[in-house]
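Before any comments, here is the structure.
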Amino acid sequence: MADGPYIIEIRDFTYRYPPAEPGGAPVTALDGITLDIAAGECLGVTGTAGSGKSTLCLALNGLVPHATGGTVRGEVRVGGWSTKEVPVPRLATRVGMVFQDPESNLVGLTVEDEVAFGPENLGVPREEIAARVAWALEAVGMASARRRPAAQLSGGQKQRVAIAAVLAMRPQVLVLDEPTAQLDPTGKEEVAAAIAALRRERGADLTVVLVEQDAELLARLADRVVVLDAGRIVLSGTTREIFTRVDHLAALGVFAPQVAEVTARLSAALGADLAALTPEEAAPALRARLRKPGHPERSQERAEPFVGDNPVPGDESLNAADRRGAAGEPVLTASEHDAAAPEPLVVVEGVHYRYGGSVPALRGVDLTLAPGEFVALLGVNGSGKTTLAKHLNGLLRPDAGRVLVAGRDTRQHPPGELARVVGYVFQNPDHQIFQPTVAAEVASGPRNLGARGADLAERVDEALARFGLTDLRDRHPMLLGRAARRRVALAAVYATRPRLLVLDEPTGGLDRRDTAELMATLEALVAEGTTVLLITHDLRLAATHARRVVVMWDGRVVADGPPEAILADAERLAAAGLRPAPVTRLSLDLADAGMLPALTVESFCEAFLRRASGGAACPAGGRTGEGREP
Amino acid sequence: MSAAGFDLYVPGDSWLHRVDARVKLAFVVGALALLLVWSNLALFVVALGLIHLALASAGVPGARLARVWRTLAPFLLLIVLLWPLFNRGGTPVLLEAGPLRITGRALLGGVAAALRIAALSFVFVLWLSTTDQRQIVRGFVRLGLPFGLGMALTIALRFIPTFAGVFQTVSDAQQARGLVLTGGALRRARAMIPILIAALVTVLRLSEQLGWTLEARAFGAPVPRTTLHDLAMRPVDWLLLVLVAGGAGVLLWLSLTAGLGRGLLWPVV
């Protein structure tokens, strides 16, 4: 695959951004990159935040350095054209580029006009444009939406239209910069399927450069993967070669596919080569191991009721949960929680809400949150997660039903006052950053709530220290990287000392290291008695950290209970547009060989080894820091 | 965030939707000229009636029109009430108490002034509810507006709801941190500053990316641009253009020379 002809040749390419602050030093984003990309291959690019992935994308279509300024050494050639010499609009006929944010990929026309826009700019004859538009929309499965305004589409649809819009320019190279990072599981799947279909159709005529943090997606689509770190290529090889080096990836702070982690650990423990990247690929060999003579299949009655640290209910309780789930009932109702829990912090009772009085967003939601709970709120886009969360601090008020926050009815107290109890960290950190320094930013919340003098200073210092921002306290928050901006936003909310912390998709775009750090902080807060409500699409996160999972679908809570009961219930998740994590799918797939459902890499390995070899411990299964799944 | 608050357009494929954007622009110009020249009660009522008929035939829902009326109502009422206070001439005198003198003619004058505002508004409603923003921009471009400016206009229109959404989110985020958006005007204005700053920064980040997107789609390539859909005048468009331009021209000429519609109560008085 990698032996020519090369469509992209990068030779010792070094790029420095102009300094972010006047008088500052230029920032080296790419450092001596040499890379060849063969026509027709799909190259995956991954690495931590700030490793240079996005800059590499911009260098491929000449926006680096034409639009960004800065200094360049070395060369990027696309189909023989040097990006230094050929202007961006001309390079656009060879390299199509799709950015991460669906909002910024679209110019603002109808789907059809959006796709026609590129060819129009290139002066393509009308009949040819019409043919290209039809083809490109067909290729991404958006033909039926051609007359709709692009602004009304879902995130996944927007990204597919953006891909069609660059395809219509007939590029030889498609560069996708984290195209699914801001999408829910449904949107992710749509885009992944569209990319796979395109590659089948275009073959050697289309080269794909796919930048992703999502290792599962890369494992599925990429032929080859390079890993960037601090602007250099530190690993390069076939997708399998790269992703089976799980320890190396962990050291680099890069995600590996869950199944690759499982099989790497099992291979080490059993002294065999079980390496695989997907559940489908891993299942046969693992099943054979479980059924090996000498390890007869155990009956369900004798199955260990505990998998790893997480108590897993026996089959009877799962069945009980199933029975109730089938009737559309939550696994545990609010009152059941009340019985066991102390005085609730938040009580949501029969809440209905319609946006603009018309579109129903919540249709009768009940939810109780107790002090010190760590709750994951799951659901696809539009299921009502954010709408529900905004009811918890009074940003939205119920049309019917009521919300009590620490005993106060949100209809009678403004959000500014409820902020004493509920801290809300928004999805986009830029939406809540406005002060000239990090310290001032962190101080503004407590000051709004009346903190002054020594009390204020103490709160700020403590928040800065907790989120590793002490050294950055005098920097301008807007000039920090995305992960640091997120920490600032979080610290600013934390400094108000809320009893309930609501986080809306806090890990989007964060790499493994930053995600692990964030989750460790949240765990610590929960241990201190803070309630955390984590809104996420990431079932891996929910499985590893949450003690309770709430799933929403179509404005209703459709499941509420311990992770073990919900996250391994493929049917119930599917009904809410979700899918179990890969490791869980693998465990479910092996149920016929006696495997119990497992939610995490650790619990899978432990359960597997216990069954397969009578109790060998899973190596490298530490419960802290890097070894643990973020 | 819905775009509905900023975009009057009602998607559809009626005869009015299909009329070329330039013809509708000609209608708007002609109608505005006439409504500004006229001051006649009867003509305003007729104009409003015709516009409503046209809107109904184009499938614009009555609820939408009712909403426009509701929005206009306070202004219209104010005009009707205040007009007689400043126009004290004419007969019959309905009420005279000290300096206050209300005449029947002034009262009708107030009603006419309000109806003129309503008619002017509905001319725009007719235009904007049956012509989507891209058609409007395309029309302007075909009439000589440089394409780059037209594109800028398209993007600006498309981003109004986005910006409004960003503003709302930022406002929510600030309130979630204890910012209280109540109190006196000055206090509220001060509280708005952080919201504006954060909204502006977000918007700037988005604009930078959007600029890259435009460039990566060969916007500004040094070749003559082509178009997938161009505005094309059908025979019926030409016919309508002649009718609209001719009709407006004749009526305007009659108004200016023969005084058509210049009197408040013509043809009664």
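For the reader, a short list of remarks on this structure follows.
- Rounded to two decimals, the Cα-based Rg/Rh of region B:1-158, with Kirkwood Rh, is 1.08.
- Computed in the context of the full set of protein chains, the accessible area of region B:145-232 at 1.4 Å probe radius has 72% of its extent on carbon or sulfur.
- Ordering B:Gly211, B:Thr226, B:Gly148 by Cα displacement along the dipole of region B:145-232 toward the positive end leaves B:Gly211 in first place; charges were set at the Cβ atoms of Lys, Arg (+1) and Asp, Glu (-1).
- Region A:1-128: equivalent-ellipsoid semi-axes (sqrt of 5 x gyration tensor eigenvalues, Cα, Å): 26, 20, 15
- Backbone amide hydrogens, once placed in the peptide plane, bring A:Phe255 within less than 5 Å of A:Arg512, excluding anything fewer than 5 places away on its chain.
- Chain B - mean residue ellipticity at 222 nm from DSSP helices (-39,500 (n - 2.57) per run, n ≥ 4, rounded to 500): -24000 deg cm²/dmol
- Once C-alpha pairs closer than 8 Å and six or more residues apart are averaged by separation and normalised to the residue number of region A:344-465, the relative contact order reads 21 percent.
- Accessible surface ranking that places the most exposed of A:Arg548, A:Arg579, A:Arg202, A:Arg146 first, with a 1.4 angstrom probe: A:Arg579, A:Arg146, A:Arg202, A:Arg548
- For chain A, the share of accessible area belonging to carbon and sulfur comes to 50 percent (1.4 Å probe, ligands and nucleic acids excluded).
- For region B:145-232: span of alpha carbons on each principal axis (Å, largest first): 56, 27, 17
- Counts of other chain beta carbons within 10 angstrom of each beta carbon in peptide A:87-100 average 4.
- For the residues of A:120-133, the average number of beta carbons from a partner chain within 10 Å of their own beta carbon is 4.
- When the other protein chains are added to the chain by itself, burial of at least 40 square angstrom of heavy-atom accessible area (probe 1.4 Å, ligands and nucleic acids ignored) affects these residues of region B:195-220: B:Thr202, B:Arg205, B:Leu206, B:Gln209, B:Trp212, B:Thr213, B:Glu215, B:Ala216, B:Arg217, B:Ala218.
- In order through region A:445-455: 3J(HN,Hα) via Karplus (6.51 cos²θ - 1.76 cosθ + 1.60), integer Hz, x for Gly, Pro: x, x, 5, 3, 8, x, 6, 9, x, 5, 4
- Whole-number percent relative contact order across chain A, with pairs defined as alpha carbons under 8 Å at least 6 apart: 14 percent
- Exceeding the 27 Å Cα-Cα cut-off - candidates A:Lys53/A:Lys390; A:Lys84/A:Lys188; A:Lys158/A:Lys390; A:Lys53/A:Lys158: A:Lys53/A:Lys390; A:Lys84/A:Lys188
- Calculated on alpha-carbon atoms, Rg and Dmax of region A:396-476 in Å: 15.2, 47
- Label point of B:Leu95 set 7 angstrom out along Cα-Cβ; within region B:110-141, amide nitrogens under 16 Å from it belong to B:110-111.
- What you get for the protein assembly as shown, charging only the Cβ of Lys and Arg (+1) and of Asp and Glu (-1), is a dipole of about 3220 debye around the Cα centre.
- When chain B is treated as a Gaussian network with alpha carbon springs shorter than 10 Å, the biggest mean-square fluctuation among B:Val170, B:Val137, B:Val223 belongs to B:Val223.
- Between A:Tyr424 and A:Val502, the built amide H atoms are under 5 Å apart, and every one of these is 5 or more places off in sequence or on another chain.
- Here the Karplus relation 6.51 cos²θ - 1.76 cosθ + 1.60, evaluated at θ = phi - 60°, turns the backbone of region A:394-407 into coupling constants of x, 5, 10, 10, x, 6, 9, x, 8, 10, 10, 10, 6, x Hz, with x for every Gly and Pro.
- Partner chain coverage, peptide A:411-423 - average Cβ within 10 angstrom: 3
- Euclidean distance of C-alpha centroids, region A:170-189 and region B:142-194, integer Å: 28 Å
- Phi-derived couplings, Karplus 6.51 cos²θ - 1.76 cosθ + 1.60 at θ = phi - 60°, listed residue by residue for region B:215-220: 5, 5, 9, 6, 4, x Hz, with x used for Gly and Pro.
- Computed Kirkwood radius, in angstrom, where 1/r is averaged over Cα pairs of the protein assembly as shown: 31.0 Å
- Alpha carbon convex hull of region A:451-536, volume per residue in cubic angstrom: 99 Å³
- 5 angstrom amide H check on A:Lys84, placed H, neighbours 5+ away: A:Val76
- Remark: spin-label model distance B:Ile197-B:Val46 equals 6.0 nm, labels positioned 7 Å along the Cα→Cβ axis.
- Positions from region B:166-181 whose accessible area shrinks by 50 Å² or more when the full protein complex is built, not the chain alone, probe 1.4 Å: B:Thr169, B:Asp172, B:Ala173, B:Gln175, B:Ala176, B:Arg177, B:Gly178
- Dipole-positive endmost among A:Leu501, A:Val95, B:Gly104 within the protein assembly as shown (Cβ charges, Cα centre): B:Gly104
- If you take the Cα centroid of region A:382-419 and the Cα centroid of region B:34-66, the two points sit 44 Å apart.
- Take region B:145-232 with all the other protein chains still there, run a 1.4 Å probe, and you get 47 Å² of accessible area per residue.
- Chain A contacts chain B over a buried accessible area of about 4800 Å², both sides summed; the probe is 1.4 Å and only protein chains count.
- Comparing the full protein assembly with the isolated chain (1.4 Å probe, heavy atoms, ligands and nucleic acids excluded), the residues of region A:352-394 losing at least 10 square angstrom of accessible area are A:Lys390, A:Asn393.
- Here the sum of -39500 (n - 2.57) over DSSP H runs of 4 or more residues, divided by the residues of chain A, equals -11000 deg cm²/dmol at 222 nm, to the nearest 500.
The values are calculated or read from the model by the stated rules, or taken from the named source; none is laboratory data. Everything numeric in this text was worked out from a predicted model, so none of it was measured. In this analysis, Cβ positions are derived from the backbone assuming ideal geometry, glycine residues included, and neighbour counts consider all displayed protein chains. Calculation scope for accessible area: heavy atoms of the full protein, side chains included, ligands and nucleic acids excluded. Shrake-Rupley method; radii C 1.70, N 1.55, O 1.52, S 1.80 Å.
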